[in-house]
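See below for the structure under consideration.
The values are calculated or read from the model by the stated rules, or taken from the named source; none is laboratory data. None of the values given here were measured: they were computed from a predicted structure. With ideal geometry, Cβ positions are generated from the backbone for all residues, glycine too; neighbour counts draw on all protein chains shown. For the accessible areas, the whole protein counts, side chains as well, though only heavy atoms, and no ligand, DNA or RNA atoms are used. Shrake-Rupley method; radii C 1.70, N 1.55, O 1.52, S 1.80 Å.
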Amino acid sequence: QVQLVESGGGLVQPGGSLRLSCAASGFIFSISVMAWYRQAPGKQRELVALITGGGNTNYAGSVKGRFTISRDNDKNVVYLQMNSLKPEDTAVYYCNAGGAGGAWGQGTQVTVSS
């Protein structure tokens with residue numbers, strides 16, 4: 001069965017950095033579109049970044065230039081490097097495989113606060 005396990009969340013000050021990791025199993029990772037979504041309190045879940053099996057990427061306008069999504073197809077891991085973090089980045093971040101109708105991880109909390 002498909003399993004996605006996120007790690008790397010935590011509390012960070014504005015301007016700081018975090019790297020999230022998502023370990024994947026149970027499907028053919030190398031040809032699957034992977035993505036990071038986030039959901040802040042009282043808000044809808046939103047797409048943050050995605051990466052195709054071939055390495056093409058796309059980002060939400062609010063994070064472009066600050067976040068980088070990458071993948072290691074040998075280790076079946078997708079990453080989200082988050083730099084220059086802002087309080088509005090505070091959310092639960094979810095790993096996704098195969099789009100909105102696909103598989104989801106359990107989520108990891110990212111809190112940006114002084």
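Observations on the structure shown:
- Within segment 1-31, being open to solvent by 30 Å² or more (accessible area, probe 1.4 Å) and of a type in the set (Phe, Trp, Tyr) holds for one residue alone: Phe27.
- Qualifying positions in segment 84-99 - open to solvent by 70 Å² or more (accessible area, probe 1.4 Å) and free of Cβ contacts under 8 Å to residues at least 60 places away in the same chain: Glu88
- When Gln106, Gln81 are checked against the criterion of being within 10 Å of the chain's Cα centre (by Cα), open to solvent by 50 Å² or more (accessible area, probe 1.4 Å) and not β-branched (Val, Ile, Thr), a single residue qualifies: Gln81.
- Tally, over segment 19-43, of residues that are part of a strand (DSSP E or B) and touching a helix residue (DSSP H, G or I) at 6+ places or on another chain (Cβ under 9 Å): 1
- The sole residue among Ala40, Ala23 that is under 22 Å from Ser114 (Cα atoms), of a type in the set (Gly, Ala, Ser) and at pLDDT 95 or above is Ala40.
- Filtered residue count, segment 53-70, keeping only those that are open to solvent by less than 40 Å² (accessible area, probe 1.4 Å) and among the basic types (Lys, Arg): 1
- Per-region count, segment 81-114, residues in a loop (DSSP other than H, G, I, E, B) and over 17 Å from Ile69 (Cβ atoms): 6
- Residue that is farthest from Asp74 (Cα to Cα), among those in segment 44-58 that are part of a loop (DSSP other than H, G, I, E, B) and either touching a residue at least 12 places away in the same chain (Cβ under 8 Å) or touching a helix residue (DSSP H, G or I) at 6+ places or on another chain (Cβ under 6 Å) (or both): Arg45
- Of the residues making up segment 1-18, those that are closer than 14 Å to Gly107 by Cα and in a strand (DSSP E or B) are Gln3, Leu4, Val5, Glu6, Ser7, Gly10.
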